[in-house]
Amino acid sequence: MSFSNLGLSPAILQAISTRGYTTPTPIQVAAIPEILRGNDVLAAAQTGSGKTAAFALPLLQLILETPTEKPRRLRTLILVPTRELAQQTAESIRTLAQTSPQPLKIAALFGGVSINPQMMDLRGGVDIVVATPGRLLDLIDHNALSIATVSSLVLDEADRLLDMGFADEIGRILALLPKQRQNLFFSATFPPAVHALAAKMLHQPARIAIPALEQNQPAIQQRAIQVDAGRRTQLLRHLLRENNWGRVLVFVATKYAAEHIAEKLHRAGIKAAAFHGEFSQGARDEVLADFKASKVQVLVATDVAARGIDIAQLPVVLNYDLPRSAVDYTHRIGRTGRAGKSGIAISFISADTEAHFRLIEKRHHLRCEREQIAGFEPVVTAVSASTESPTDTANGGIKGKRKSKKDKLREAAARDSTD
Ligand code: AMP
């Protein structure tokens, strides 16, 4: 299959060739013709599948097919869960629109930075907006922007949007959009809340459910290494010494852990940096740029900060702390193995997290062999790991004793309070 068979115009084919893409990814083959026909789309797509270009290319073409208006009329609204994804998506679209016969204006709107420059940027109108829901509503409330003229709406990483508590904001935004519009819905996973939102928004959508293995994404090698919780940093250092990994993204549960572990690695002579939600936008951009430029080898990050970041050639993702949910697991490991490159996702499993990892495996119909590394074999058992409270008891090693739903909720709450 080639891009020229998908109904794309010469201007868009030119943009694709300038961007250096030669073959469309499976999601692009499936989505582009549907979007050009004006249909709604419901697509199961991971990051790394080429989904941004899958919606950006046909939407650019639809905009270019209609005459220009003065002032510019907002045509396309793309909602994303994080500021990093907003910036990245806007940047990708700007690159694709560079060779466009008519200059298009694309704005990235996200919180955590002053609202004034974004208000200034919207003066004179804009063609495409990529926004996080909260900041978009703030700008609408300030009369800096109207979304009443939007003809295509994209929800990107819909599962993440809901996971981050944006359901109310999305409801408000939907109410402000024109009834007649095209809706494109992309999500890596489809828990019930995502299904419900899709059902509410979409009209007879083209369903694009591409099984993970066909996603132009070589299988990410998933490994689970057993290690005592107290020896994880030592093991991480050992693995960094033993393997020629280049960049490594290490996920931890809390901001404190991110700082603490980055500091420990730094003291051991490893180029490491922390990355979490408390950083200013400027500091985040700087750390990411250093990571991309290989000035930082190990980025120790929380979920909040690392969501949606697109770093080419990220060979290894390591779960130092396990993610809270199976959805988070998918998003974390999706940071590696992007755009046709292979990747490794390693999870550290200790006695008290074995049961939680089994739940993640069960959700994904997955079973990772448990590995042990010589010199780091665990000695702590599930029973001895649970010294703090009876609810910490992992069910991993205890036959017949399963955690109740209440226990799991309590654990989640305890984890929340340390974040
Ligand atoms: P995405 O899934 O949109 O985050 O895209 C992941 C990466 O794949 C980005 O760096 C894109 O530039 C790249 N990409 C998208 N489409 C193609 C394509 N057809 N060929 C090669 N790379 C692509």
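Please treat every number below as a calculation from the coordinates, not as lab data. All values derive from a computational prediction rather than experimental measurement. Methodologically, a virtual Cβ is constructed for each residue, glycine included, from the backbone with ideal geometry; neighbour enumeration extends over all protein chains shown.
A compact table of results
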item	result
Value at 222 nm in deg cm²/dmol, rounded to 500, when DSSP H runs of n ≥ 4 in the chain each add -39,500 (n - 2.57)	-11500 deg cm²/dmol
Likely footprinting exposure, F55, F376, fewest C-beta neighbours within 10 Å first	F376, F55
Most to least packed among 57-64, 71-78 [average Cβ atoms within 10 Å]	57-64, 71-78
Measure of compaction for the stretch 112-191 (Cα Rg per 2.2 N^0.38 Å)	1.12
Relative contact order %, the chain, counting alpha carbon pairs below 8 Å whose residues are six or more apart	16 percent
Order of Y256, Y320, Y21 under a 10 Å beta carbon neighbour criterion, fewest first	Y256, Y21, Y320
Environment charge at A272 (Cβ cut-off 12 Å; Lys +1, Arg +1, Asp -1, Glu -1)	+3
Folded to 0 to 90 degrees: helix 354-363 orientation relative to the chain principal axis, Cα	30 degrees
Rounded tilt (10° steps) of 83-97 against the dominant C-alpha axis of the chain	40 degrees
Ranked list, fewest to most other Cβ atoms within 10 Å of each Cβ, for K362, K51	K362, K51
Helix 192-201 vs. the chain, principal-axis angle (Cα, 0 to 90°, nearest 10)	0 degrees
Local net charge near V300, Cβ-Cβ under 14 Å (Lys/Arg +1, Asp/Glu -1)	+4
Convex hull volume per residue in cubic angstrom - Cα atoms of the chain	147 Å³
Tally of Lys pairs whose C-alpha atoms are under 23 Å apart, taken over the stretch 160-302, 8 or more apart or cross-chain	9
Dipole magnitude of the chain, debye to nearest 20 (Cβ charges: Lys/Arg +1, Asp/Glu -1, about Cα centre)	420 debye
Kirkwood-based Rg to Rh ratio, the stretch 221-380, C-alpha trace	0.93
q = 0.09, 0.11, 0.12, 0.19 Å⁻¹, the stretch 3-209: log10 I(q)/I(0) [Debye, one scatterer per Cα]	-0.31, -0.47, -0.56, -1.52
Net charge of neighbours whose Cβ lies under 13 Å from the Cβ of G125, counting Lys and Arg as +1 and Asp and Glu as -1	+3
Net charge dipole size for the stretch 322-378 [Lys, Arg +1 and Asp, Glu -1 on Cβ; Debye, nearest 20]	400 debye
